[in-house]
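Scroll down for the structure; my scribbles are underneath it.
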Amino acid sequence: MILDVTDFSDGHVLQSDVCIVGAGAAGIAMALELIDSGIDVLLLESGGLGAEPDAQALYQGTVQNEQLHSPPDRYRQRRFGGTTTIWGGRCMPFDPIDFEARDYVPHSGWPFGIEELSPFYPKANRLVEAGAFAYTAEEAFDRPSRPMIAGWSPAHYTSNTLERFSCPTDFGTRYGHKLRAASNIRVVLHANVTGLHLNAAGTHLDSLSVRSLKGRSLSVRASRYVLAAGGLENARLLLANRDVHAQGIGNPHDVLGRYYMCHIAGTVGALKIDRPLDDVWHGYDMTDDGIYVRRRLALRPEVQRASGIGNFIVRLHHPRITDPAHRNAILSLLFLAKLIIPYEYGKRLHGGESADLQTWFRHMGNVASGPLDAAAFAWHMFTQRALAARKFPSIIIKSKANLFSLDFHSEQQPNPQSRVSLTGDRDALGMPRLKVDWRYTSGDVDTVSRAIALLSGDINETKVGRLDYDASQLEMEMTRYGAYGGHHLGTARMGTDPRSSVVNARCRVHGIDNLFLAGAATFPTSSQANPTLTLIALALRLANDLKEGRA
Amino acid sequence: MGAAGFIGRRVVAALSASDWAAAVAASRRTGGAADAVVVDATDEASLGAAFSGIDGIVNCVAGDGDTIRRNADAVFGAASRLNQPPRIVHLGSMAAYGSAVGRVDETAPLLGDLDEYSKAKAAADVRALAYPAAVILRPGIVYGPQSPWWSDRIARLLMAHRLGDLGARGDGYCNLVHVDDVARSVLLALRTPAAGQAFNVAMPSPPTWNEYFQRYARALRAVPLRRISARRLAVELRIVAPACKLLEIGARLAGARSAALPPPIRPWLLKLCAHEIILDVAKAQTVLGMQWMPLDAGLQSAADWFRGGGRT
């Protein structure tokens, strides 16, 4: 059932077997997995069923460098469904190499291999409504699918791995009915956790303090607790509770909040492909089960090892929108539509760059030069994205000149200096606010620059075309829009050694026998992959641990 | 009884193929290879004459709520008056359980609270249970070649991409059972010593309706499956369904076949697609010895029939 804090009297004590904090991708996935398990589950959500500015404002904080990281109340949503209410829906699993300890990636290595998550990926895939767990073209189609570039097989990259796309599914809207109907699940809205109360020895979580913005106070007593509040908020909650452990819960060795990773992403270069137009395909295909999928170029794992660089993928992309020199009516239309595109998506479309009047006029001129193209594109986006329940995932512009840019998404190395911490400011509930100090390393720059160089070599070698890019500008391009928004990883990393990790291999906080973390905060490394699918698989694994008494 | 209907025809065929039964096909109209009699299934006197000398009766009569009630009264009334009340296998429906959710076995109350059909099916089961030699079979969604709703109209809706992945609206369980499995369960029920009992008849781990649409669409090659938005379903219910009704009336007035018209999506279908009920079929497996046709094979048989020009 779905309740509100106002359904309880002030001071009421809620009891349950398991209490999950946060009704986003991880929390809702866990609750769904625990339906009819015989376990009494309490799922606490800070927000309501819709967007509420007061609840969202609790996420406000500061960033060390505004050029490098978006404000903490952006790219995450404090409401039922969490950030699945705004996510883009791009899904792919981590690669086996991501779990390995690699001597060329400092602090790398998960305490298990991909085989620990493999049993949970297919179900995670179903929950995000991305169809079958089939992430290569050969697995996804029982017929030959269009190659990215016909007959092209680069030495250092594969082009048969796929991205699959969720609707994008809003977990609150999609699965609320199941949580409402479940007799063993109680969702409580407007329930903000403000205190985690340990026993005197600091080894067991006794209770939680819960407050609403309207002043209602409750307590929660559960046998086991799971923090599933997101990659930034999980760290904030643990750091903010210092009455028993002076540095915060799970932080005796100053690991909590450190190793903060996003992804390194950017758009570079001009790739001219010397092949017939029909031999090149960089758009979406649709599988029989109706899922949009798209090929990408993925740096082969053996090449990563041989080159000593991180994981990396790249997509063929349209030229940068802001520069009207592309003379493309559709791209200019997107520039002109910047005011109606949400911040989270507009940032990488427009980069917040201010444009002078002349630039605006040149974009208008581009639109005027191709009104039919612009109108057809607008109609496609209206019918296949705005109106569609399964949305066309992104903007695809077919270049009539076979000219593309490269859109890359790269692993970021774990770095203890990249961190989140608490400030002296407090939110409306008295909780200390977060400060984000995201940093990248020379290793990150190295991964991008060497991966692009390898691709450039492949292109030259195979004579498929020509890639022009300015190697000296790569670092600027990979940080042009700062850290990739919405991917908040590593702040409470997983490991076997409490001196270098916050949770163990089963996601239990070291030294606390009944406190678990769900979500991407536990990821020791970031992969090239978007994190949602993997964090859901990890959450399902934890839910099964809870069900089967392993946790 | 009801031998000319979708299930009745299969039961007659299965009986005729057995080495222990001679089938007499009873229906409103004559036809078929087996011995046939014309009966009014709601008339006790007519049935009394037809039942004479019959060892077992299979009641497959379908219809609206009133027909279902009157049929049950007539069948069990007529049979009760015979010196040796014969075995009656009565085809009930999962609809008798009404709005029950979760795993439902045969001991669950017959709520019959969904609509008039569900109420009548529950009432008919109560009537059947009062008859000492009855075996009640409660099938789920009976599909297979010639299934008018579940293999024909659904196929047409999938081919037209008017049905597909319904999201949360298709999370209900689709308790499919192939018509050949139903026929087999009838034959087993005729000979089981377990009289006076009911049996759920459906595949043991049913797919959701979304999964059913996906797998059937694949078998039909009606792919890619489309995600159907709430907005589109609202248009189906408020605009397309009334338009289909008007067309149907027009076709009837013109003397044309209404079966060729585009099928409407009705509110009861959407309610069913969201209904999270799973029939527990353990009893049919252990007592009757039922085994089930694998879903993919069953769907392929339905798709082959449909693609071969099928129609009921």
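Look at where the Cα atoms of segment A:479-541 and of segment B:98-163 average out, and the two centres are 48 Å apart. Straightening the chain between A:S209 and A:S472 buys 89.5 nm, computed as 0.36 nm per residue apart minus the Cα-Cα spacing. Counting lysine pairs in chain A that sit 8 or more residues apart in sequence, or on different chains, and whose Cα atoms lie under 23 Å apart gives 15. For the pair segment A:159-201 / segment A:1-62, the C-alpha centres are spaced 8 Å from each other.
Helix-only estimate, please: 222 nm mean residue ellipticity of chain B, summing -39500 (n - 2.57) across DSSP H runs of length 4 or more and dividing by its residues, to the nearest 500.
Mean residue ellipticity at 222 nm (helix-derived): -12000 deg cm²/dmol.
The alpha carbon centroids of segment A:410-459 and segment B:1-65 are separated by 76 Å. Dipole of segment B:6-302 computed with +1 at Lys/Arg Cβ and -1 at Asp/Glu Cβ about the Cα centre; of B:Q84, B:L225, B:I68, farthest Cα towards the positive end is B:L225.
Taken along the Cα-to-beta-carbon direction at a fixed 7 Å, the label points for B:R266 and B:A241 span 0.9 nm. For segment A:27-111, the dipole from Cβ point charges (+1 on Lys and Arg, -1 on Asp and Glu) about the Cα centre works out to 300 debye, to the nearest 20. Going by a ≥ b ≥ c, the root eigenvalues of the Cα gyration tensor, does segment A:323-395 fall in the rounded group (a/c under 1.5), the prolate group (a/b larger than b/c) or the oblate group? Oblate, because a/c is 1.5 or more while a/b does not exceed b/c.
For A:S500, neighbours were defined as the other residues whose beta-carbon sits under 15 Å from its Cβ, and their charges (Lys and Arg +1, Asp and Glu -1) total +2. Packing here is the average count of other Cβ atoms within 10 Å per residue, and on that basis the peptides B:43-50, A:285-292, highest first, run A:285-292, B:43-50. Available extension along the chain between A:R146 and A:E116 is 7.5 nm, counting 0.36 nm per residue and deducting the alpha carbon span. For B:A3, the amide hydrogen comes within under 5 Å of the amide hydrogens of B:A26, B:S27, counting only partners 5 or more places away or on other chains and with H modelled in the peptide plane. A straight chain from A:R126 to A:D323 at 0.36 nm per residue would run longer than the Cα-Cα distance by 67.0 nm. Is the C-alpha gyration tensor of segment A:181-265 telling us rounded, prolate or oblate? Criteria: a/c under 1.5 is rounded; beyond that, a/b larger than b/c is prolate, otherwise oblate. Oblate shape, in that a/c is at least 1.5 and b/c is the bigger or equal ratio.
Mean separation of Cα pairs under 8 Å and 6 or more residues apart, divided by the residue count, gives segment B:16-148 a relative contact order of 20 percent. With each label modelled as a point 7 angstrom along the Cα→C-beta vector, the A:I35-A:A401 pair spans 5.3 nm.
DSSP assigns beta bridges within segment B:6-302; of those with both partners inside it, close to 5 percent run antiparallel.
Using the rule -39500 (n - 2.57) for each DSSP H run of four or more residues, divided by the residues of chain A, the 222 nm mean residue ellipticity is -7000 deg cm²/dmol. Among the lysines, which have Cα under 21 Å from the Cα of B:K119 when same-chain residues fewer than 8 positions away are ignored? Straight-line reach from B:K119, under 21 Å: B:K271. Looking at segment B:69-153, the trypsin sites (Lys or Arg not before Pro) that sit in a DSSP loop and have at most 12 other Cβ atoms within 10 Å of their own Cβ are B:R81.
Cβ-to-Cβ counts within 10 Å put A:H263, A:H380, A:H245 in ascending order as A:H380, A:H245, A:H263, the fewest first. Our summary gives segment A:475-545 a relative contact order of 27 percent, counting only alpha carbon pairs under 8 angstrom and 6 or more residues apart.
Just so you know, all these numbers are worked out from the coordinates, no wet-lab data involved. Model, not experiment: these values are computed from the prediction. Virtual Cβ from ideal backbone geometry, glycine too; neighbours counted across all protein chains shown.
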